[in-house]
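S.K.: Questions regarding the structure given below will be posed in turn.
The values are calculated or read from the model by the stated rules, or taken from the named source; none is laboratory data. On a predicted model such as this, the values are computed, not experimentally measured, just so you know. Cβ placement follows ideal geometry from the backbone for every residue including glycine, while neighbour counts extend to all protein chains displayed.
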Amino acid sequence: MWSSNRSMSSSLGVERTKKKMNKDKIFKLAKGFRGRAKNCIRIARERVEKALQYSYRDRRNKKRDMRSLWIRRINAGTRLHGVNYGNFMHGLLKENIQLNRKVLSELSMHEPYTFKSLVDISRNAFPGNKNVVVPPRKVAF
Amino acid sequence: MKMVTAFNGNMKKAAAGLRRINLDGLRWRVFDAKGQILGRLASQIATVVQGKDKPTYTPNRDDGDMCIVLNAKDVCVTGRKLTDKIYYWHTGYVGHLKQRNLKDQMAKDPTEVIRKAVLRMLPKNKLRDDRDRKLRIFPGSEHPFGDRPLEPYEMPPRSVREMRPRARRAMVRAQKKAEQQQQNADGKKGKNEEAQEESA
């Protein structure tokens, strides 16, 4: 059935080019895949489909992952000063500082003194309910 | 003064793989396990070894500090875990599920207890082996890294919950028993002294 289609398409010329373009597109997208997935059309087609599905899903996941990474960095940065992330954000909320987590994580990484002042502002606004975090004795700057 | 002579046998193991860890911008943190609870200590070590206490944490790069744990044989557990906590492992052959409890493991190799605890708390990914290489555990309080810039790690203060009534009563009873035994011993000693005085 498939062979007959092929012979027909080779004589017609229209379907042949359509299939060929599809194949080329797939192999172009399959560059760098492992094993036969970059060479053999049957396997490559499956993997490319999967890859496109993953990339669709991960374009949405990336936003979540980046935010969680920012939160982890801010948490680490504030714990160096004896405040944990939750109390810190609550303090900022009270002071109506609307810096987002991306900027805060950048500050905690590259601008330590600015970040320390932010932590102090937050601590004044919201001293925290319990003694959650003990700051390390030596603050490495 | 280097303490190399203290463990000539373990020097290879202690300094093993140090070359593989590049980036010596890392700190050397020292944990003292004496009197610490096993799991709570292990979770602190795991956060430090992952590098999660640094604001430059990146998940695809291993940036944790070198952790040295001392006095591994003095780590404590609560409850009946000394006899009841069992480590299982399967050798791969059918029916060969082996086990060993905490007491035997401490007798055999006390560093393995902490190492297992920390390793099982790390995320199971490709960086786990590298992080394992950053962990150095010593049963005693001596280590060959005396010439590095070491930083002691302060454990966060722990709120110990108060004893359950039954445990408290048992403890009180044990205390009273100990006091009675002491009194008996004193009484006997007193009698012995009197007997000696009488004889002499």
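S.K.: Taking segment B:18-72, which residues are at pLDDT 90 or above, more than 13 Å from every other protein chain (Cβ to nearest Cβ) and out of contact with any strand residue (DSSP E or B) (no Cβ under 9 Å at 6 or more places or on another chain)?
M.R.: B:GLY39, B:ARG40, B:ALA42, B:SER43, B:ALA46
S.K.: Select from segment B:14-44 the residues that are closer than 30 Å to A:LYS102 by Cβ and not basic (Lys, Arg) and list them in ascending order.
M.R.: Within segment B:14-44, B:ASN22, B:LEU23, B:GLY25, B:LEU26, B:SER43, B:GLN44 qualify.
S.K.: Restricting attention to segment B:98-115, does a residue exist that is over 15 Å from the mean Cα position of the chain (by Cα) and crowded, with 18+ Cβ neighbours inside 10 Å?
M.R.: no
S.K.: Look at segment A:36-71 and say how many of its residues are surrounded by fewer than 16 Cβ atoms within 10 Å (Cβ to Cβ), of a type outside the set (A, V, I, L, M) and either under 13 Å from B:THR58 (Cα atoms) or within 14 Å of chain B (Cβ to nearest Cβ) (or both).
M.R.: Residues in segment A:36-71 being surrounded by fewer than 16 Cβ atoms within 10 Å (Cβ to Cβ), of a type outside the set (A, V, I, L, M) and either under 13 Å from B:THR58 (Cα atoms) or within 14 Å of chain B (Cβ to nearest Cβ) (or both): 6 in total.
S.K.: Give segment A:82-108 a look and list any residue that's within 11 Å of chain B (Cβ to nearest Cβ) and surrounded by 20 or more Cβ atoms within 10 Å (Cβ to Cβ), or say none.
M.R.: Within segment A:82-108, A:LEU104, A:SER105, A:LEU107, A:SER108 meet the criteria.
S.K.: Going by what's in this entry, would B:VAL94 be described as among the aliphatic types (A, V, I, L, M) and within 20 Å of A:LEU69 (Cβ to Cβ)?
M.R.: Spelling it out, it is not the case that B:VAL94 is among the aliphatic types (A, V, I, L, M) and within 20 Å of A:LEU69 (Cβ to Cβ).
S.K.: Against the definition (within 14 Å of chain A (Cβ to nearest Cβ), in a loop (DSSP other than H, G, I, E, B), free of Cβ contacts under 8 Å to residues at least 40 places away in the same chain and over 25 Å from B:ASN22 (Cβ atoms)), how does B:GLU154 come out, yes or no?
M.R.: Considered against the rule, which asks whether it is within 14 Å of chain A (Cβ to nearest Cβ), in a loop (DSSP other than H, G, I, E, B), free of Cβ contacts under 8 Å to residues at least 40 places away in the same chain and over 25 Å from B:ASN22 (Cβ atoms), B:GLU154 comes out as yes.
S.K.: Give me the pairs, please: first residue somewhere in segment B:11-38 and under 21 Å from B:PRO55 (Cβ atoms), second residue anywhere and assigned to a loop (DSSP other than H, G, I, E, B), beta-carbon distance under 6 Å, and either six or more positions apart or on two chains.
M.R.: Matching pairs, first to second residue: B:LEU26/B:ASP65; B:ARG27/B:ASP65; B:TRP28/B:ARG148; B:ARG29/B:ASP65; B:ARG29/B:TYR153.
S.K.: Still on this model: Only one of (1) of a type outside the set (Gly, Ala, Ser); (2) modelled with pLDDT of 90 or more; (3) more than 30 Å from B:PRO55 (Cβ to Cβ); (4) exposed (fewer than 15 other Cβ atoms within 10 Å of the Cβ) fails for A:ILE26. Which number is that?
M.R.: Status for A:ILE26: all satisfied but (4).
S.K.: Does segment A:20-38 contain any residue that is out of contact with any strand residue (DSSP E or B) (no Cβ under 7 Å at 6 or more places or on another chain), charged (D, E, K, R) and in contact (Cβ under 8 Å) with a residue 24 or more places away in the chain?
M.R.: Within segment A:20-38, none of the residues are out of contact with any strand residue (DSSP E or B) (no Cβ under 7 Å at 6 or more places or on another chain), charged (D, E, K, R) and in contact (Cβ under 8 Å) with a residue 24 or more places away in the chain.
S.K.: Could you look through segment B:157-193, keep only residues that are away from chain A (no Cβ under 14 Å), modelled with pLDDT under 80 and exposed (fewer than 10 other Cβ atoms within 10 Å of the Cβ), and pick out the one that is farthest from the chain's Cα centre (by Cα)?
M.R.: B:GLU162
S.K.: Here's a follow-up. Taking helices (runs of 4 or more DSSP H) that fall entirely within segment B:72-129, which contain at least 3 residues that are over 29 Å from B:ALA167 (Cα atoms)?
M.R.: Output list reads B:110-119.
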